[in-house]
1. Can you tell me which residue in region 33-44 is most open to solvent (accessible area, probe 1.4 Å), limited to those that are outside any helix (DSSP H, G or I) and under 18 Å from E90 (Cβ atoms)?
2. Look at V109 and say whether it is at pLDDT below 85, of a type in the set (V, I, T) and either under 19 Å from the mean Cα position of the chain (by Cα) or part of a loop (DSSP other than H, G, I, E, B) (or both).
3. So, in region 118-134, of the ones that are surrounded by 14 or more Cβ atoms within 10 Å (Cβ to Cβ) and not β-branched (V, I, T), which residue ends up farthest from I9 (Cα to Cα)?
4. Testing K91 on (1) closer than 19 Å to G41 by Cβ; (2) in a helix (DSSP H, G or I), one condition comes back false. Which one is that?
5. Consider A100 against the criteria (1) part of a helix (DSSP H, G or I); (2) open to solvent by 50 Å² or more (accessible area, probe 1.4 Å): it satisfies all of them except one. Which criterion is unmet?
6. Filter region 45-88 down to the residues that are free of Cβ contacts under 8 Å to residues at least 24 places away in the same chain and in a loop (DSSP other than H, G, I, E, B), then identify the one that is nearest to S22 (Cα to Cα).
7. Just to be sure before I move on: is V84 over 22 Å from Q95 (Cα atoms), over 16 Å from the mean Cα position of the chain (by Cα), β-branched (V, I, T) and open to solvent by 60 Å² or more (accessible area, probe 1.4 Å) in the structure I sent?
Amino acid sequence: MTSFPGPGIFWTTLAAVAAILSLSTLIGRAWGEVLPYRFKGIARFYLAPALGLASLTLIASIVGRLLPLGNSVVVPLLVIGLLVWVLVREKHINQAFHHALMVSVFGIVCGASILGPLFTYGGFNAHNDAFVYLAHGNWLQEHVFGDTIPFNKVTPLTAQVSVFQHLSWRMGASF
């Protein structure tokens, strides 16, 4: 049995980044078609990743507010349905896949500063705002917005949530 070098989280992250960038690019190319003829070519190439990512962000925020998603199959079905819809509408599928591949490779190269430590150590520098947002996101997976943590129940993982709740630091934006 062969194994890949580096930890599994690196390869999972690499695959997820490539998938998200590819999907964003393909969705953005579809949005480029609704623009005036003069801007179609430019938008379908340069703006496609941004338009697609904006679309995925809007969809995720709407679905996340309306449905309890935990272990739901809704998100994968929605993404697959969106991908099929985009590919059916795409006139130049080979060109679209080539474009998505170029954007994915470029995104991975640009993300090397995060992917390098992930490959080498299996983690990243958590001493930044990303840890705060991840801690809050983890808390909100099983608790509602208004649940507060009593001081005697604070753990290292929930400390960020507790501090923000009791001191009212950026709680609205973070949560």
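The values are calculated or read from the model by the stated rules, or taken from the named source; none is laboratory data. All figures in this text were calculated on a predicted structure; none of them were measured in a lab. Ideal geometry is used to build each Cβ from the backbone, glycine not excepted, and the neighbour counts take in all protein chains shown. Keep in mind that these areas ignore ligands, DNA and RNA; they rest on the heavy atoms of the full protein, side chains included. Shrake-Rupley method; radii C 1.70, N 1.55, O 1.52, S 1.80 Å.
1. In the first step, residues of region 33-44 are kept if they are outside any helix (DSSP H, G or I); the result is 33-36.
If we keep only those that are under 18 Å from E90 (Cβ atoms) as well, we get 33-35.
Numbers: E33: 56, V34: 100, L35: 62 Å².
Only one residue fits best here, namely V34.
2. Values: at pLDDT below 85: no; of a type in the set (V, I, T): yes; either under 19 Å from the mean Cα position of the chain (by Cα) or part of a loop (DSSP other than H, G, I, E, B) (or both): yes.
No.
3. Step one: filter region 118-134 for residues surrounded by 14 or more Cβ atoms within 10 Å (Cβ to Cβ), giving 118-119, 124, 132-133.
Okay, now just the ones that are also not β-branched (V, I, T), so 118-119, 124, 133.
Numbers: L118: 7, F119: 8, F124: 11, Y133: 19 Å.
Residue satisfying both the conditions and the ranking: Y133.
4. Checking K91 against (1) closer than 19 Å to G41 by Cβ; (2) in a helix (DSSP H, G or I), the one that fails is (2).
5. (2)
6. Selected residue: V73.
7. Numbers: over 22 Å from Q95 (Cα atoms): no; over 16 Å from the mean Cα position of the chain (by Cα): yes; β-branched (V, I, T): yes; open to solvent by 60 Å² or more (accessible area, probe 1.4 Å): yes.
Spelling it out, it is not the case that V84 is over 22 Å from Q95 (Cα atoms), over 16 Å from the mean Cα position of the chain (by Cα), β-branched (V, I, T) and open to solvent by 60 Å² or more (accessible area, probe 1.4 Å).
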